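Q: Quick one: structure below, then a few questions.
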């Protein structure tokens, strides 16, 4: 559990540090779950003092100082999406410590007097000198959120596996609403509502590259009032994939070997959406020579990076220490043009294109590339020992700038 410790002051003398046990720990939870909840907080106010902070953070718990000169403390939580209040009561008595340290305040008998969270409970009546769990606050679950994560297939040694893969989206559409989800977003996981008025939902993913893909799911709905504070809600179970145009898709299976076919809150990944490995990626590293035998990583500003076989601009107005670019998958040579702020560099690559091989059954035959060489013998380009193209991309060549 992560407690964010805020607003704690103390005496200057080390021996007198944190004499008062006036810290109260507040943990965030979701009804019906044994897991802590992660909330986005952009401010906390304590009546009679300045705001504790004004910056968005994410935490599962928060430790706050109580006002030991009073027997009550009013706290306002400014969360992303809501503002909540809580009043805590307690007994505060003074105790003399020493001439150097003066008196300390000892707090006890903590009470939860008022709150406007969906629910809350007191679990420890004694505040502490360090963060602990005194109060748990609960929110109603949001039981209709489907969690999908993007994965890239690749070969590790001789074994097929996958890793999280980020995507760039222009938006996601669902067949039951006009809302566009994740417009112009870069992400590895998306959270999408399912249609609680039907037993199926279909999603269309629009990628920044102009490509599209769909996934359709069906499920069982149960409408009931599980928690009085939350009213009647629709819960989703028996999730199944009915159709997809992604390279592959699967229901996530947890470490307990149980498929994630129930939508939970806090949300857990339910679906993995797989992409076949891109076998034609070359990686360029930028370096600066520090001596005749040594060099260091260089950061360059690229106005654009293009290739002779496509109109795609791979990089535009970015600072980079390396770039990953695709060679022409249907040829044995590709010429790249790198436009910097002060010059333009042309790098021609030759390579061997092997007969397509089937790395994954779902991907079918894919061409492989090796024997990478620089075609125009540019002096500041060095081909590395890893002269075959791999996925994830590995460093294939270095470009030196003095």
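The values are calculated or read from the model by the stated rules, or taken from the named source; none is laboratory data. Please read these numbers as outputs of a predicted model, since none were measured by experiment. Virtual Cβ from ideal backbone geometry, glycine too; neighbours counted across all protein chains shown.
Q: Determine, yes or no, whether residue 349 is in contact (Cβ under 8 Å) with a residue 60 or more places away in the chain and either closer than 26 Å to residue 153 by Cβ or assigned by TED's automatic domain parsing to the domain that holds residue 248 (or both).
A: Here the answer is yes, as residue 349 does meet what is asked.
Q: So which of 250, 304, 295 ends up being in contact (Cβ under 8 Å) with a residue 24 or more places away in the chain and under 23 Å from residue 206 (Cα atoms)?
A: Of 250, 304, 295, the one residue that is in contact (Cβ under 8 Å) with a residue 24 or more places away in the chain and under 23 Å from residue 206 (Cα atoms) is 250.
Q: Any idea how many residues of the stretch 236-282 are under 30 Å from residue 370 (Cβ atoms), in contact with a strand residue (DSSP E or B) (Cβ under 6 Å, 6 or more places away or on another chain) and assigned to a loop (DSSP other than H, G, I, E, B)?
A: Summing the residues that are under 30 Å from residue 370 (Cβ atoms), in contact with a strand residue (DSSP E or B) (Cβ under 6 Å, 6 or more places away or on another chain) and assigned to a loop (DSSP other than H, G, I, E, B) in the stretch 236-282 gives 6.
Q: Now, a different point. Condition test on residue 317, is it part of a strand (DSSP E or B), under 32 Å from the mean Cα position of the chain (by Cα), on the phi > 0 side of the Ramachandran plot and outside the structural domain of residue 160 (by TED's automatic domain parsing)?
A: yes
Q: Just to verify a result, which residue in the stretch 217-230, among those that are assigned to a strand (DSSP E or B) and touching a residue at least 60 places away in the same chain (Cβ under 8 Å), is nearest to the chain's Cα centre (by Cα)?
A: The extreme case among them is 217.
Q: Check off (1) closer than 12 Å to residue 143 by Cβ; (2) in a strand (DSSP E or B) for residue 201 and give me the number that stays unchecked.
A: (1)
Q: Would you tally the residues in the stretch 253-263 being surrounded by fewer than 19 Cβ atoms within 10 Å (Cβ to Cβ) and touching a residue at least 24 places away in the same chain (Cβ under 8 Å)?
A: Summing the residues that are surrounded by fewer than 19 Cβ atoms within 10 Å (Cβ to Cβ) and touching a residue at least 24 places away in the same chain (Cβ under 8 Å) in the stretch 253-263 gives 2.
Q: Moving on to the next point. Could you please find all residues in the stretch 91-114 being touching a strand residue (DSSP E or B) at 6+ places or on another chain (Cβ under 7 Å) and at positive phi?
A: Matches in the stretch 91-114: 109 only.
Q: While we're on this one: Checking the conditions here, which among 138, 181 is free of Cβ contacts under 8 Å to residues at least 12 places away in the same chain, surrounded by 17 or more Cβ atoms within 10 Å (Cβ to Cβ) and either closer than 22 Å to residue 208 by Cβ or out of contact with any helix residue (DSSP H, G or I) (no Cβ under 6 Å at 6 or more places or on another chain) (or both)?
A: Selected residue: 181, the only one of 138, 181 that is free of Cβ contacts under 8 Å to residues at least 12 places away in the same chain, surrounded by 17 or more Cβ atoms within 10 Å (Cβ to Cβ) and either closer than 22 Å to residue 208 by Cβ or out of contact with any helix residue (DSSP H, G or I) (no Cβ under 6 Å at 6 or more places or on another chain) (or both).
Q: What single numbered condition from (1) touching a residue at least 12 places away in the same chain (Cβ under 8 Å); (2) outside the structural domain of residue 65 (by TED's automatic domain parsing); (3) in contact with a strand residue (DSSP E or B) (Cβ under 7 Å, 6 or more places away or on another chain); (4) more than 30 Å from residue 226 (Cα to Cα) fails to hold for residue 161?
A: (1)
Q: Here is a check on your reading of the model: is residue 296 in a strand (DSSP E or B), out of contact with any helix residue (DSSP H, G or I) (no Cβ under 7 Å at 6 or more places or on another chain), surrounded by fewer than 17 Cβ atoms within 10 Å (Cβ to Cβ) and not assigned by TED's automatic domain parsing to the domain that holds residue 156?
A: For residue 296, the condition - in a strand (DSSP E or B), out of contact with any helix residue (DSSP H, G or I) (no Cβ under 7 Å at 6 or more places or on another chain), surrounded by fewer than 17 Cβ atoms within 10 Å (Cβ to Cβ) and not assigned by TED's automatic domain parsing to the domain that holds residue 156 - is met.
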